[in-house]
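Chemist: Quick one: structure below, then a few questions.
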Amino acid sequence: MTAVRHRTTSNYPQGWSALAGLPGAAWLALFVGVPVVALVVRVVDTDSLRVLRTSVPWRIGWFTLWQALLSAVTALAVALPVTWVLARHDFRMRRTVRAIVVSGFLLPSVVVGTAFVGMLPASLQRTWIAVVVAHAWFNVAVVVRVVGARWERIDTGLTDAAALLGAAPLRRLRTVTLPLLAPALAAASALVFLFCFTSYGIVRLLGGPGRVTIESDIALRALQIGDVGAAAVLAVAQAVFLIVVATLSTTIGPRIVRGVALPRIAARRIGIGAARRPRIAKMIVAVTLVVVCAPLVTLVVGSLRVGSAWSLGGWRSVFGGETLRGSVDVIAAVSTSARVAVVALVIALVLGACTAFAAVHGGHRGRIGDSLVLVPLALSPVTVGLGIIVAFGPNAGNLRASWWIVPIAHSLVALPLVVRLLVPVLRAVPAGLRDAAATLGASPWRTLRSIDLALTRRALAGAGGLVVAVSVGEFGASSLLTRRGAETIPVAIARLMARTGDVLRTQAFVMSTLLAVLCIAAMILVERGDAAR
Amino acid sequence: MRIRLVMLVVTAAVVVAACGGSESATKTESGNAEPVTLTLLAHESFTPSEGIFDEFTADTGISVEIVRSTDAGTLVTKAALTAGAPEGDVLWGVDNTLLSRALEADVFEPYRSANAEFLDADALALVPNDEVTPVDTGDVCINYDTAWYADRNVAPPTSLDDLADPRYRSQLVVPNPLTSSPGLAFLLASIAKYGDDGWTTWWEKLRDNDVLVVESWSDAYYGPFSGASGKGFRPLVVSYASSPPAEVVFADPPRDDAPTAVVVDTCFRQVEFAGVLRGTKYPEQAKRLVDFLTSVTFQNDLPLTQFVYPVHRDATLPDVFVRHSLRPDTPLTLDPARIAAGRTQWLDTFSSVMLR
């Protein structure tokens, strides 16, 4: 692996390749670096810190913490049985079932929130239970992906041997499987925890008064109360906490949860009919499918009902162009989202490809952009939005009030993902091909085009799908930055859900259904690009 | 081949995006020769009669497009964040509880309406520098379900004190002042009544009396409150002094008497304003729109569409309004300067007392 990496640097002039990382680094410095500095200045400059002397942030922080822990535990509990079935059993439609189970994570938080509003009984709505249930549902996919990948690599010979020695199933689980799974379990829990900790869309739609995460309190203060100073304090505090947790989970975590390196083996699955208790496995699959699909079905059903009667009124009002009192212009929202996604796509793809290229071919200087790109990941989307609001006010050309700021924010959220996706693909391009091209007289440009670009184009398409999916579903930064009359789809859905009226609610379901389909389509592109690795 | 296709798509995408950008640019930059369309930013409750602006358009050639935001708080905060590069030309619906925030951010271009001399003097006095113009007034009060108390032969509460009385335990639902403007008005009512030292104690008593805090006014009024939809179980809610006539006007089947009534000693006066947004491309046209919003024509439309009181002296109140609405003689009020200084702190205190 190292040898290959070393060889790849030989084809392109290192200095020039490193320069390719410059645009991305500059972009991040301007739209992430400057806002972060502005936030910190805001925190130390004013009496914003007053908020820390009240009990409010501590109470909100406590709720944020325990609901995230509880959500992570619940997600594990719901997801582990089906992870086991999928990792250990073979059956017709296994791939389809897995695709359906992991599809939940592709959906925008606003869509999931809307679905749960439609599904949960009124008595549970706007309670912490609703928040935790939706979080757990959302993250089943994370557990299945992360834990499942490791479970498949555990040699069944080990458990068979334990069985032969007389260990009961539970004992085998405790002494063989769980210890081997531990690193994956820890990684999955950490991911789910971080995700739920910064949850915003779900909490906005399902949390009640006082049941807010730090993330949604930041947005509430910035957007509704107009207390930007306190919002900045909370944003900085949350960012520090997130960085500490992420660092701990990657440094100390592996030392506590010591995992054995598992050899890469072909997953050995037994036919579900041949399993010792086929009925249990089948039941787990059936129950999980029902749990996973119920909210999505609710969404579609909800879009076909107005009040308590079946009706196509929602769809007709969306496409018929009639404007309802208190409604939003659905066509306008779709076209805004499309326009924003296209701009974000171009920015993120061009900058992402350049940054990835520099990281692979530009030596250590080229990797600066690659590490900078992680910064927006550590910040939450609401913090990115708030930083832009604080940094680019009237003294900086009032950029925050411009239409362009939304796609710019989306490009920041998507950029790390694009780079993560492209770097391994670019790295995997065999250096020999480039050597051959050079030998045949191809210029570096020609080599770039006909070797690297040609071999990564599926990955590029995948990255493009990812940017589109991120952009059309993005809610945190958008909710702070969108202009009136230029709402993106998620912002429009959240506005509809905040109102009363049967038709408005139905319209929200219609838009959520549309958005869900859009995201799933975009992510199919990603999966196909991913398969090209 | 494929790569060329990708390039083509990307180029097309850029062109589409660029076109999109220029399209919106031409919309706002069209010169004075073209007919002007003003964007009127407002909150969700701004619902004038269909076609009310036709007369204005016929007289001036200026069209009006209404763009609504969810709640007054977001409306004003967003205006503050875009001060100087506004999202519209005129803003309707900043009230006395939020005005300070807008003024601090320098959101408006001062203008003294041509109708100023005919407007409610008390309301006008709130804005000595004419940053905005008062357009309507209303009162946020406790509403109660009359049938609920009649059926049980219990007297409804008559004061804020009563709400903390165990006799009215588990009966009140209020919207969260952090997210709702009537909620904020009700919080200010308690501060006006009990002062800086006493209001938190009163809320603690309310809390012990099992008051229910929900997200928004509509969540409260159409949810747990029993007087509106008949689905809820709580007979007391924070709403408007004009909610009872609204119940009569929208009653289906029609009815003569309101199903709800107002506790007059709990009312807090809300004054709403409209103003020209600083940075508008059409300041002159925007000023004419403010004049129209304060004209008798428009003011007469307010009571039955938005259930607020006009500020124009010559505006007339419809019968149903006079009969079922209630106008407290001495509503609770707070000095705008005091609201400006205290609001965020009060909200944090409320939050720590009530949303534990």
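Chemist: So, taking all protein chains as they sit and a 1.4 Å probe, how much accessible area belongs to A:S311, in Å² rounded to tens?
Modeler: 40
Chemist: How far apart, in nanometres, would the label points at B:D314 and A:I129 be if each is projected 7 angstrom from Cα along the Cα-to-Cβ direction?
Modeler: A separation of 6.0 nm, rounded to one decimal place.
Chemist: Show B:K287, A:K282 ordered by accessible area, largest first, where the area counts protein heavy atoms only and the probe is 1.4 Å.
Modeler: The ranking, largest first, comes out as A:K282, B:K287.
Chemist: Now for a separate question. Roughly how many Å is it from the Cα centre of the range A:52-107 to that of the range A:239-305, as a whole number?
Modeler: If we compute the Cα centre of each part, the gap is 8 Å.
Chemist: I would also like to ask the following. Stokes-Einstein diffusion coefficient for the range A:414-533 at 37 °C in a medium of 0.692 mPa s, Rh from the Kirkwood formula over Cα pairs: what value in µm²/s?
Modeler: 194
Chemist: Still on this structure, I have one more. Read phi for every residue in the range A:130-143 and hand back ³J(HN,Hα) as whole Hz from Karplus 6.51 cos²θ - 1.76 cosθ + 1.60, θ = phi - 60°, with x for Gly and Pro.
Modeler: In residue order, the calculated couplings are 4, 4, 5, 4, 5, 4, 4, 4, 4, 9, 3, 4, 4, 5 Hz.
Chemist: Now a separate question. For the range A:120-126, just list the computed ³J(HN,Hα) in residue order, Karplus coefficients 6.51, -1.76 and 1.60, θ = phi - 60°, integers in Hz, with x standing in for Gly and Pro.
Modeler: Computed from phi, the couplings for the range A:120-126 are 6, x, 3, 5, 8, 6, 6 Hz.
Chemist: A follow-up question, please. Please calculate the 1.4 Å probe accessible area of A:R172, with all protein chains present, and give it to the nearest 10 Å².
Modeler: 30
Chemist: Subtract the Cα-Cα distance of A:A309 and A:A182 from 0.36 nm times their separation in residues, and report this length gain in nm to one decimal.
Modeler: Gain on extension, A:A309 to A:A182, equals 40.8 nm.
Chemist: Quick one: which residues, 5 or more positions from B:S69 or on another chain, have an amide H under 5 Å from its amide H? H modelled 1.01 Å from N in the peptide plane, none for Pro or chain starts.
Modeler: Here B:A42, B:H43, B:E44 satisfy the definition.
Chemist: Under the rule of at least 5 residues apart or a separate chain, name every residue whose amide H is placed under 5 Å from the amide H of A:T127.
Modeler: Distant-sequence amide H within range of A:T127: A:G208.
Chemist: Let me ask something else about it. Please compute the length gained on full extension between A:I256 and A:V300, using 0.36 nm multiplied by the number of residues separating them and subtracting their Cα-Cα distance.
Modeler: Separation in residues times 0.36 nm, less the Cα-Cα distance, equals 11.3 nm.
Chemist: Give me P(r) over the range A:166-303, computed from all C-alpha to C-alpha distances, binned every 10 Å, as integer percentages.
Modeler: P(r) for the range A:166-303, in whole percents per bin: 9, 21, 26, 25, 14, 4, 0.
Chemist: Efficiency by 1/(1 + (r/R0)^6): what FRET value for B:A150 and B:T37, r their Cβ-Cβ distance, R0 = 41 Å, to the nearest 0.05?
Modeler: E(calc), rounded to 0.05, equals 0.20.
Chemist: Still on this structure, please answer the following. Which GluC sites (Glu not before Pro) in the range B:41-118 pass both tests, a DSSP loop state and at most 10 other beta-carbon atoms within 10 Å?
Modeler: Those that pass, being in a loop and sparsely packed, are B:E50.
Chemist: Let me ask another. Return the whole-Å distance between the Cα centroid of the range B:135-166 and the Cα centroid of the range A:447-507.
Modeler: Each part reduced to its Cα centre gives a spacing of 47 Å.
Chemist: What nm distance separates the two modelled labels at A:W66 and B:T158, each placed 7 Å from Cα along Cα→Cβ?
Modeler: So the label points at A:W66 and B:T158 sit 4.3 nm apart.
Chemist: If the viscosity is 0.692 mPa s and the temperature 37 °C, what Stokes-Einstein diffusion coefficient in µm²/s follows for the protein assembly as shown when Rh is the Kirkwood radius over Cα pairs?
Modeler: Answer, rounded: 110 µm²/s.
Chemist: I would also like to ask the following. Given R₀ = 56 Å, what would the calculated FRET efficiency be for B:D106 paired with A:A99, taking r from the Cβ atoms and rounding to 0.05?
Modeler: 0.55
Chemist: Please work out how much length the chain gains when fully extended from B:V322 to B:D256, using 0.36 nm per residue of separation minus the C-alpha to C-alpha distance, in nm with one decimal.
Modeler: Stretched out fully, the B:V322 to B:D256 stretch lengthens by 22.4 nm.
Chemist: I've got another one for you. Can you sort A:M283, A:M511, A:M119 by solvent-accessible area, 1.4 Å probe, largest first?
Modeler: Solvent-accessible surface, decreasing: A:M283, A:M119, A:M511.
Chemist: In addition: In debye, nearest 20, what is the charge dipole magnitude of the range A:126-230 about its Cα centre with +1 on Lys and Arg Cβ and -1 on Asp and Glu Cβ, if you could check?
Modeler: 200
Chemist: Using a simple spin-label model with points 7 Å from Cα along the Cα→Cβ vector, what separation in nm is obtained for A:I270 and A:A436?
Modeler: Going from the A:I270 label point to the A:A436 one covers 4.6 nm.
Chemist: Another one. Using the Karplus curve 6.51 cos²θ - 1.76 cosθ + 1.60 with θ = phi - 60°, work out ³J(HN,Hα) for each residue of the range B:320-337 in order, rounded to whole Hz, and write x for Gly and Pro.
Modeler: 4, 5, 4, 5, 9, 8, 9, 10, x, 6, 10, x, 6, 9, 9, 4, x, 5
Chemist: Would you grab the residues whose amide H sits under 5 Å from the one on B:D136? Only those 5+ places off in sequence or on another chain, please, with H modelled 1.01 Å from N.
Modeler: So B:D136 has HN proximity to B:E272.
Chemist: Size of the dipole of chain B about the Cα centre, Lys and Arg at +1 and Asp and Glu at -1 on the beta carbon, nothing else charged, in debye to 20?
Modeler: In debye, rounded to 20, chain B gives about 1120.
Chemist: Could you order A:S450, B:S226 by accessible surface area, starting with the largest, using a probe radius of 1.4 Å?
Modeler: The residues order as A:S450, B:S226, largest area first.
Chemist: So what's the back-of-envelope 222 nm ellipticity for chain B, counting only DSSP H runs of four-plus at -39500 (n - 2.57) apiece and dividing by all residues, rounded to 500?
Modeler: Helices in chain B give a 222 nm mean residue ellipticity of -13000 deg cm²/dmol.
Chemist: Oh, and also: Which aspartates and glutamates have a Cα less than 13 Å from the Cα of B:K205, not counting those fewer than 8 places away in the same chain?
Modeler: B:D161, B:D162, B:D165
Chemist: Among A:I129, A:I408, A:L481, which residue has its Cα positioned farthest towards the positive end of the charge dipole of chain A, with +1 placed on the Cβ of Lys and Arg, -1 on the Cβ of Asp and Glu, and the dipole taken about the Cα centre?
Modeler: A:I129
Chemist: Per the Kirkwood definition applied to all pairs of different Cα atoms, how many angstroms is the hydrodynamic radius of the range B:44-181?
Modeler: One over the average 1/r among Cα pairs gives 18.5 Å for the range B:44-181.
Chemist: Among the chymotrypsin sites (Phe, Trp or Tyr not before Pro) in the range B:217-321, which ones are in a DSSP loop with at most 15 other Cβ atoms within 10 Å of the Cβ? Mind listing them?
Modeler: Sites meeting the loop and neighbour criteria: B:F233, B:F250.
Chemist: If I take R0 = 41 Å and measure r between the Cβ atoms of A:S371 and A:L158 in this structure, what FRET efficiency does the formula 1/(1 + (r/R0)^6) give, to the nearest 0.05?
Modeler: In this case the efficiency is close to 0.60.
Chemist: Related question: Which of B:V132, B:A150, B:L163 sits closest to the plus end of the dipole of the range B:113-165, meaning its Cα is farthest towards the positive end, when Lys and Arg get +1 and Asp and Glu get -1 on the C-beta?
Modeler: Towards the positive end, the residue furthest out is B:A150.
Chemist: To the nearest 10 square angstrom, what accessible area does B:T333 show with a 1.4 Å probe?
Modeler: Using a 1.4 Å probe on the heavy atoms, I get roughly 90 Å².
Chemist: Might you report the magnitude of the Cβ-based charge dipole of the range A:289-394 about its Cα centre, with Lys and Arg at +1 and Asp and Glu at -1, to the nearest 20 debye?
Modeler: 20
The values are calculated or read from the model by the stated rules, or taken from the named source; none is laboratory data. Note that the structure is a prediction, hence the values are computed from the model and not measured. When we count neighbours, we look across all protein chains shown, and the Cβ atoms used for this are built from the backbone with ideal geometry, even at glycine. For accessibility, only protein heavy atoms count, side chains too; no ligands or nucleic acids. Shrake-Rupley method; radii C 1.70, N 1.55, O 1.52, S 1.80 Å.
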